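For reference, the structure discussed in these notes is given below.
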């Protein structure tokens, strides 16, 4: 499509015609005839102020007409369209990467859905499919996070950076929490499967729990056994520590953001207070040491 | 496919009976829950005899003192010391008093952000040392009896090693000193914990966050079964009252000062310095060989927080020749609150202290200054 426009100058003709008519309108506005009757009165009333305003108006109009007339040149027009193509290509490329990654995620979810009917061994947590969380993390780290770590520029740089850090920390925390919740729910599923199997066997033998309490007691005992096994597994320790780590990271990022908001209000931030507390603690220790040294000296004397 | 032989009539009859029972129970339970309940905890009268920052010293007086040397009880920074006085019939404090033992107990209070830089050294060489001096001065004695519970036991071990001249007898209960074990989930989980990041983010370690960790130690029982048990017994006033008392205690969780938490996890759980006499507080090495006073070490066989391997090495590492290990067939909390162990735990400590309550040299250097306020 953009290539067509380059080869066929029809687009640039329309562009040129529009620009020329706009130019003409702006030229008239830059030296406004309607302003003439009022000019003298305005100059008298505002001294040089009215004159300056008119000059600025004229100057802006001339600058615009200068830039616009340059754009009627087909070469410059091509440059403009090329620039817009670069942006378009960049956005398309980024979208393509994200869609590819999401496609991979969807494929993994479909794989998992296909495995739903499959049994996993009771009391075993070695065969858990945590791949989907790794995939999401890879997508986030590889494709999404980079947009949050684009270098920030200018006066508001640090504030923008804190917002980006907060968004990043929140995404990582959500991901870690989702993995933890999934892992924590696995024993519930496994315990239910084990009890169902047991019930099936019992019913085939003509036995069945006499009450809901018996059934519950059986289930909770199996559940406890599953949890005991899970809680000691390396995967659980890793996921738990990861959750705590991301939680702390999120909290720290949130605090930075709040401090940015609070710094213009008459409210002490944690950083301010911590500095005071640290000093207070240091002085208190010093007093304690001196008190004890003094007491020791008194006893000796 | 086998033909199932389930007696459906029997099951339906049972269901009907159960639903009738549930209806009656629900009616009675509403009377209990909407009526007046006695759920007060820590009701044994005491005086506050010393205060410093957030820390207070409680003094419990027996009606007829029979043991000359008072006992200072040091509870953990996790949860509150009210566990020792949950209710009159289940109160270690009351048992001590009934046996004629004069008791002091540290109330660590509720740390705020101000306390985030307070270290283990500040607790042991600061608050504890000041409190020990206050008690020595009040009684005109040189040495007192010291009893520590869980983390408070670890603090007591550190104190006894750094200030052995002030301690006559040491009692440690469910006290972790060896952290190099896989028997407890806390030991496994904290091994790779990034404690710096947590403390830097939170300042103090929030009690609720730690409570979540404790609930995760046995989710099936602590998050499901326990509350089902409550609803099954909600028509029993005594059960409900005890249950609510326990809930009040469990979820009364002060934060742990950040630097103390960082040091305890890093130096104890991750580096296991205490049992190896390599821990340093305020630049002083905590040498277990300095613990030369008699030592009674009590722990619980079914303790999932501080398992026996975390406790049972202490007596072989100290310098004292008078040591005793006692392993009780109960859990971490059961040792203090179960009716069965109420009859065993406190009497054992009283008997052990009585045997060692010989003549005390009254010369005292307890004139040392303290940073807090002494109430007389």
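Please treat every number below as a calculation from the coordinates, not as lab data. What you see is a predicted model, and the numbers here were worked out from it, not measured in a lab. Note that we place each Cβ from the backbone using ideal geometry, even for glycine, and neighbour counts take in every protein chain shown.
Neighbour counting of Cβ atoms within 10 Å sorts the residues B:156, B:277, fewest neighbours leading, into B:277, B:156. Relative to the current alpha-carbon distance between residue A:217 and residue A:189, full extension at 0.36 nm per residue lengthens the span by 8.5 nm. Of all DSSP-defined beta bridges confined to region B:23-175, some 50% are antiparallel rather than parallel. Remark: relative contact order (chain B) = 24 percent; criterion is Cα-Cα distance under 8 angstrom and separation of 6 or more residues. Under the rule a/c < 1.5 gives rounded, and otherwise a/b versus b/c splits prolate from oblate, where does region B:162-246 land using the Cα gyration tensor? The shape class here is oblate. Treating only the Cα positions of region B:111-264 as identical point scatterers, give the base-10 log of I(q)/I(0) from the Debye formula at each q in 0.15, 0.18 Å⁻¹. So the normalised log intensities work out to -0.99, -1.19. Helix B:237-250 axis versus longest C-alpha principal axis of chain B: approximately 50°, rounded to the nearest ten. Straightening the chain between residue B:22 and residue B:112 buys 27.8 nm, computed as 0.36 nm per residue apart minus the Cα-Cα spacing. Each residue in B:115, B:329 was given a count of other beta-carbon atoms within 10 angstrom of its own, and listing them fewest first yields B:329, B:115.
Expressed per residue, the C-alpha convex hull volume of region A:179-267 stands at 126 Å³.
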